Amino acid sequence: MMGHELREFVDRVMDHRAIDDQDVKVLQREILNDIVVTRDIVDVLIALDRAVPKSCEAFGDYLVALTVDFAVWENRPTGVIDRDKAHWLMTTLSAGEGPTATAQRIAFEIVREAEHCDELLLSFAFAKGAAKSAQSGLRNVLAN
């Protein structure tokens, strides 16, 4: 369930169609500082990353750190991405037209940080990374 302050933050950011450094500070210090992070909150922030056309680098960094910390260390079983967590992560990270660059970073960092990771998320992280690398390589070839 999303709290009142987070709902207002999302509305304001959506109205401005941007997330700047000040927004990230407000999110960290005033909205999420003293609450327990849940899947719903992570889902909302990942959806915000996808919906807002312009966001600062600090937001991506914060979202990656928050999601990795929640999925790997705060959510039981600790240090493990089991089938349930892997399914949830794949669903939330790839919603819409596929993962954003930040969502791809989240998948890679979770795989790197977890002591054990379900093969669904492993294949998702590596397949998305491989596809991105192939597209980038093809663009470079076509540009030359």
Given Cβ point charges of +1 (Lys, Arg) and -1 (Asp, Glu) and nothing else, what value in debye, to the nearest 20, does the dipole of segment 1-72 about its Cα centre take? 160
Based on the Cβ-Cβ distance of residue 127 and residue 61, what FRET efficiency does E = 1/(1 + (r/R0)^6) give at R0 = 25 Å, to the nearest 0.05? 0.55
Determine the calculated [θ] at 222 nm for the chain from helices alone, applying -39500 (n - 2.57) to every DSSP H run no shorter than 4 residues and normalising by the residue count; nearest 500 deg cm²/dmol. -20500 deg cm²/dmol
Would you mind telling me which residue in 94, 55, 123 has the biggest mean-square fluctuation in a Gaussian network model of the chain, where springs connect alpha carbons within a distance under 10 angstrom? 123
Provide the per-residue ³J(HN,Hα) series for segment 35-51, in order, calculated from phi with Karplus coefficients 6.51, -1.76, 1.60 and θ = phi - 60°, each as a whole number of Hz, with x at glycine and proline positions. 10, 7, 6, 10, 4, 4, 5, 4, 4, 4, 5, 5, 5, 5, 4, 6, 8
Tell me which of 98, 45, 67 sits at the most positive position along the dipole axis of the chain, charges placed on C-beta atoms (Lys, Arg +1; Asp, Glu -1). 98
Rounded to the nearest 10 Å², the 1.4 Å probe accessible area of residue 14 is 80
Cα Rg, Dmax, the chain, angstrom units: 15.8, 52
Say R0 is 25 Å: what FRET efficiency, to the nearest 0.05, do residue 22 and residue 74 get from their beta-carbon distance? 0.40
Expected unfolding gain across residue 113-residue 11 under the 0.36 nm per residue rule, minus the alpha-carbon gap, is 33.5 nm
Unit charges on C-beta of K, R, D, E only; dipole of the chain, Debye: 560
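The values are calculated or read from the model by the stated rules, or taken from the named source; none is laboratory data. All values derive from a computational prediction rather than experimental measurement. Neighbour counts run over all protein chains shown; Cβ positions are idealised from the backbone, glycine included. Just the protein is used for accessible areas: all its heavy atoms, side chains included, with ligands, DNA and RNA removed. Shrake-Rupley method; radii C 1.70, N 1.55, O 1.52, S 1.80 Å.
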